1. Here are 186, 204, 151, 168: which of them is on the phi < 0 side of the Ramachandran plot, touching a strand residue (DSSP E or B) at 6+ places or on another chain (Cβ under 9 Å), assigned by TED's automatic domain parsing to the domain that holds residue 137 and of a type in the set (A, V, I, L, M)?
2. Provide a single number: the residues in segment 111-143 that are assigned to a strand (DSSP E or B) and out of contact with any His (no Cβ under 9 Å at 6 or more places or on another chain).
3. May I ask you to list the residues in segment 118-131 that are modelled with pLDDT of 95 or more and over 14 Å from residue 44 (Cβ atoms)?
4. Filter segment 201-227 down to the residues that are surrounded by 18 or more Cβ atoms within 10 Å (Cβ to Cβ), within 12 Å of residue 171 (Cβ to Cβ) and of a type in the set (A, V, I, L, M) and list them by number.
5. Just one of 216, 176 is part of a loop (DSSP other than H, G, I, E, B) and farther than 27 Å from residue 87 by Cα; which is it?
6. For residue 83, are the conditions met, namely being within 15 Å of residue 50 (Cβ to Cβ), within 15 Å of the chain's Cα centre (by Cα), outside the structural domain of residue 230 (by TED's automatic domain parsing) and not in a strand (DSSP E or B)?
7. Check whether at least one residue in segment 134-149 is in contact with a Gly (Cβ under 8 Å, 6 or more places away or on another chain), within 24 Å of residue 81 (Cα to Cα) and among the polar types (S, T, N, Q), and report yes or no.
8. Specify which of the listed residues (61, 57) is touching a Ser or Thr at 6+ places or on another chain (Cβ under 6 Å) and closer than 26 Å to residue 168 by Cα.
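The values are calculated or read from the model by the stated rules, or taken from the named source; none is laboratory data. Here the structure is a predicted model, which means the values were calculated and not measured. Here the Cβ positions follow ideal geometry from the backbone for every residue, glycine too, while neighbour counts run over all protein chains shown.
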Amino acid sequence: VAVSVEIARQAVTFLNTGEAVNALNLPRVSAKELKRSQRFMNLAGSLGKVLAGLASKPLQKIEINLVGGAAEVESRPVAVAALIGVLSDQVSTPVNRVNAENIAKRQGLSIVEVKTYETEDYLSLIKLVGHHADGTVSLTGTLLGGRQPRLVNIDQFEIEVIPEGTLLITRHEDKPGVISAISTVLGQAQINITRMQVSTAENLEHAMAVISVSEPLTEELLQQLCALEPVYKAIQIKL
């Protein structure tokens, strides 16, 4: 009976605070530390979803670098949150803090954690680099004012995006009329654009647009966008 009571207490503690006491698959992290890490965990989860959506092949390794203020919290809960984001749309099993690392191992996915205490442009950053058979994809996020999540870099493109809702991400020729053509296709489908960011990069002839839309696009609509001559690629990510 005493053992059952103790297990019940541990379960209640986990549900109420997130602190896992004597859990085999979770490192011991106090409720206080989890609370400090939570905002970075939320950001990492969103970044993980975007990373998985951008990768052209299944990810084999993820590098997560906590920079500046982000490096002052425990890295493992943040890394696991990124894993949950990556895996959540890839497997049928619900992914959580308890099973994320085991599922990643079964998928052949490894994770490397790094901390960098010095930073220049932002007080805190989370950088993710995903490795897959065709190469790498990288992105960086921050918390503006210590609270507001932003995606600030995708590969070579500097961009400021609120990671929420449905994001349409295109790579296209850097020339006049492309954004107008994309907007026309969306408008004809009664899809509202709520926010849009367009970025170019040095030494590249193409640009990137990240468009927040009012509702998910159908596969047919995505194909219609990809059929536009200046558009190389169009994907959507649901956050």
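1. Result of the check over 186, 204, 151, 168: 151.
2. Adding up the residues that qualify gives 23.
3. Once the filter is applied, which keeps residues that are modelled with pLDDT of 95 or more and over 14 Å from residue 44 (Cβ atoms), segment 118-131 yields only 131.
4. Result: 207, 208, 209, 210, 225.
5. The conditions single out 176.
6. Judged against the criteria, residue 83 is a match.
7. Taking every residue of segment 134-149 in turn, at least one turns out to be in contact with a Gly (Cβ under 8 Å, 6 or more places away or on another chain), within 24 Å of residue 81 (Cα to Cα) and among the polar types (S, T, N, Q).
8. 61
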